[in-house]
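Trainee: Below is one structure. I have some questions about it.
Derivation of every value follows stated rules applied to the coordinates shown; laboratory data play no part. This one's a predicted model, so the numbers in the text were calculated from it and none came from an experiment. Cβ: placed from backbone, ideal geometry, glycine included. Neighbour counts: every protein chain shown.
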Ligand SMILES: [Zn+2]
């Protein structure tokens with residue numbers, strides 16, 4: 001039977017000069033794998049329209065849980081991403097993260113976030129570190145790891161010069177309570193040998209904390225409607241990457257490539 005889905009190609013694997021597998025993150029069916037056959041019976045444009053990052057409407061032939069691409073109405077290929085290795089690496093990282101966390105359940109928020117990040121990385125109007133960090137924090141929130149940003153978890157203080165994001169517990173500590181905790185916890189109780197018991201704290205300035213608060217709950221179309229000074233951006237970006245990667249418990253080769261660009 002034929003089905004119609006809308007989605008982004010988040011991974012490709014060439015099987016031969018004519019055939020490839022594609023993983024498509026779709027609005028209707030979450031992530032699915034489809035075979036693209038671009039032999040004589042199908043238009044060669046299928047190959048171009050099933051490259052990484054391509055977004056559009058896909059008509060698929062389905063049999064059981066297998067799919068074959070029959071028609072594609074390409075809506076956006078994000079060609080401007082191809083203008084630099086750095087952008088390609090970053091966009092690949094976005095797709096790798098989604099590929100890692102997406103399921104076969106539809107997730108409109110995650111799809112919109114991915115498209116938003118790809119657009120922002122492609123068009124060149126934004127600092128890529130800001131695009132990456134907002135994607136990371138918002139994605140963590142979308143998949144159920146929204147940090148509690150109301151104030152210090154111990155004393156409730158919500159304003160101050162320095163806060164620490166407790167990554168694994170998903171809350172904040174003010175600098176006073178951070179010191180108190182350090183004094184209260186004996187080394188043998190810290191569970192340093194168990195990675196799940198690790199305490200990972202990342203420093204946040206007031207502006208970086210405001211950025212976290214904003215980007216996890218703002219309307220998605222306005223997620224990049226703020227700027228940070230260089231020092232604040234560095235702290236915000238470090239916290240975002242640390243937060244997401246520790247919660248999904250892995251890193252990605254594409255991220256390492258991006259960092260080397
Ligand atoms: Zn406190």
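Trainee: Where does each of 159, 86, 136 land when they are ranked from fewest to most other beta-carbon atoms within 10 angstrom? Don't jump to the answer; show the numbers that get you there.
Mentor: On the way: 159 10, 86 16, 136 26.
Listing 159, 86, 136 from fewest to most nearby Cβ atoms yields 159, 86, 136.
Trainee: Please report the antiparallel percentage of DSSP beta bridges with both residues in the chain, rounded to the nearest 5. All intermediate terms of the calculation are to be shown ahead of the outcome.
Mentor: Values: 39 of 42 bridges.
Once the DSSP bridges in the chain are tallied, antiparallel ones form about 95 percent.
Trainee: Over 10 Å intervals from 0, what percent of Cα-Cα pairs in segment 83-261 sits in each interval?
Mentor: 9, 37, 35, 16, 3, 0
Trainee: Can you classify segment 25-145 as rounded, prolate or oblate using the Cα gyration tensor, where a ≥ b ≥ c are the square roots of its eigenvalues, rounded means a/c under 1.5, and otherwise it's prolate if a/b beats b/c and oblate if not? Present the calculation step by step, with values, prior to reporting the outcome.
Mentor: Values: a/c = 2.65, a/b = 1.38, b/c = 1.92.
It comes out oblate by the Cα gyration axes.
Trainee: P(r) of segment 2-76 in 10 Å steps, Cα pairs, percent per bin?
Mentor: The percentages, shortest bin first, are 22, 62, 16, 0.
Trainee: In nanometres, what is the gap between the two model label sites at residue 229 and residue 150, each 7 Å from Cα along Cα-to-Cβ?
Mentor: Between residue 229 and residue 150, the label points sit 3.0 nm apart.
Trainee: With each pseudo-label sitting 7 Å past Cα toward Cβ, what's the residue 159-residue 109 distance in nm, one decimal?
Mentor: Taking the simple label geometry, residue 159 and residue 109 are separated by 3.0 nm.
Trainee: Another question about this same structure. Taking R0 as 41 Å, what FRET efficiency do you get between residue 217 and residue 48 from their Cβ-Cβ distance, rounded to the nearest 0.05? List each step's numbers first, then the result.
Mentor: Values: r = 38 Å, r/R0 = 0.93.
About 0.60, to the nearest 0.05.
Trainee: Something else: For the chain, take the longest principal axis of its alpha carbons; what is the angle in degrees between that and the long axis of helix 206-215, to the nearest 10 within 0 to 90?
Mentor: That works out to roughly 40 degrees.
Trainee: Once you put a point 7 Å from the Cα of residue 180 and another 7 Å from the Cα of residue 168, both along the Cβ direction, what distance in nm separates them?
Mentor: In this crude label model, residue 180 to residue 168 measures out at 2.2 nm.
Trainee: So what's the angle, to the nearest 10 degrees on a 0 to 90 scale, between helix 128-142 and the longest Cα principal axis of the chain?
Mentor: 90 degrees
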